[in-house]
Amino acid sequence: MPFPTLSPELPADLPRLRITDVEVHVLLAPDYDESFTSSAQDSVVVVIHTDGGVSGLGETDANPWIVKSCITAQGTHTMGLCLRDMLIGADPFRIGDLWKKMYLGTAMNGRRGMVVHAMGAIDMALWDLCGKALDLPVHALLGGAVRDRITPYASLQPAGHRFEEYRDALVASALQAKERGFRAIKSEVTMNGPYAHGGMSESWDRHTEVVAAVRKAVGPDMTLMVDVQYMWPDAASCLSVVRDWAEFDLFFLETPVWSDNLHDIARLAAEAPMKIAFGEWLATRWEFEELMDRGGVQVAQPDVGRVGGLGEAKIVCDMAAERGRIIVPHCWKTGISVSATAHLAFAVPHCAFIEYLPPQLCVERLRRELAAEDLVLAPDGTIPLPTKPGFGFEVDWAAVERYRVA
Ligand SMILES: [Mg+2]
């Protein structure tokens, strides 16, 4: 076979289990607003059942109806098989073999994009299932935790449609995060470009004003990252602004130009006065290989579901380590994905931060209500090692029923 895959580190005396069913639930917040940038207004939850009564759950950050089709659509030939059918009857502990089987069996439909994002939810559910079957937290199956604490960063949430409202909301949100004990924050600063907040169209100078206001509010000791959501048309226009941002001491600048524009990404990685971060949309190790080797980014941001699952995310982390790059995973979903991301981070020494907000601080109801994670934000701004089996989250099935639309 042309590529390696990752399987859990397993004890010798495994229980004998076979997969009996794969459920796919499409969830949608009833008050979702298509004009919002937040993908946490929907979710797709995959549940894998076995004949031993143990089941596992996974999730991915992609259109839930399309993911459901990717998993359940009928197969018609050897390069276009049905993902669900390939799993029924299989041994759930052989995750790496199953990943390869699914990847090869959907090559004409997938290889990148949606099918890989859907495989990410399946892979996540298999790791959860294995952990539960063996009564072990998933980080133990990933070779063992390499540290006893990880550091989360708070994603600040903007508001309003006018410049002053937007700036003041981010400053208020930054101060709240500081008060909660966070050591790191990431501010969206997107008042222009394809994903401009609330249809805003502000000058580059005003973006500089927002970054300055947030830095001033939190002081010099807070780690500050900025996400501009693909705002600049090219590297030259980005550099004309961010060359002056050195004084704000940013840990990284996220997605300053279009994700496919590797030439401009490489220029920014070489010339900008801060680290450049990309990767939230990418699927598979091969897209990250291009991002790191041609794009030269200093920070890789795999999303555990979208990249193809926990195994694929870990492979990306190992590739980043070989290249001396930092990992800061993307995660903007429910407690299922948040938990999977945290378990990965405990097994990856060069994972600097994870994206994390306590559920009660999130505006998204699916994040607040669907699954409670086994993660605690300690007063010192870190998260101690979770110990429950699998990914350790508790799903509220009444919430699944409440928001299920397909
Ligand atoms: Mg982002």
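Throughout, read-outs are computed from the coordinates displayed, never taken from laboratory work. Note that this is a predicted model, so its numbers are computed, not measured. Cβ sites come from the backbone with ideal geometry, for glycine too, and all protein chains shown count toward neighbours.
Which Cα, out of Leu262, Ala235, Pro137, lies furthest along the positive dipole direction of the chain (beta carbon charges, K/R +1, D/E -1)? Ranked along the dipole, the leading option is Pro137.
Helical runs assigned H by DSSP (4 residues or longer) give the chain a calculated mean residue ellipticity at 222 nm of -11000 deg cm²/dmol, each run adding -39500 (n - 2.57) before division by the residue total.
Split the chain at each of the GluC sites (Glu not before Pro) in a DSSP loop with at most 12 other beta carbon atoms within 10 Å, and the longest piece is 35-406. Each of Ala398, Val46, Val214 was scored by the projection of its Cα onto the charge dipole of the chain, and the greatest displacement toward the positive side belongs to Val46; charges sit on the C-beta of Lys, Arg, Asp and Glu.
For the pair Leu14 and Ala321 in one chain, pulling the backbone fully straight at 0.36 nm per residue adds 107.4 nm over the alpha carbon distance. Taken along the Cα-to-beta-carbon direction at a fixed 7 Å, the label points for Arg402 and His161 span 3.0 nm.
Remark: for residue pairs Lys68/Lys275; Lys132/Lys186; Lys216/Lys275; Lys216/Lys388; Lys132/Lys333; Lys100/Lys388, the C-alpha separation exceeds 31 Å in Lys68/Lys275; Lys132/Lys186; Lys216/Lys388.
Taking Cα centre as origin and charging only the Cβ of basic (Lys, Arg, +1) and acidic (Asp, Glu, -1) residues, the dipole magnitude of region 19-135 rounds to 580 debye.
Fully extending the segment from Asp135 to Asp221 would add 27.0 nm, taking 0.36 nm per residue of separation and subtracting the current Cα-Cα distance.
Protection proxy ranking for 115-127, 329-341, using the average of other Cβ atoms within 10 Å per residue and placing the highest first: 115-127, 329-341. Relative to the current alpha-carbon distance between Met79 and Glu394, full extension at 0.36 nm per residue lengthens the span by 109.7 nm.
Residues Tyr103, Tyr32, Tyr166, ranked from the fewest to the most other C-beta atoms within 10 Å, line up as Tyr32, Tyr103, Tyr166.
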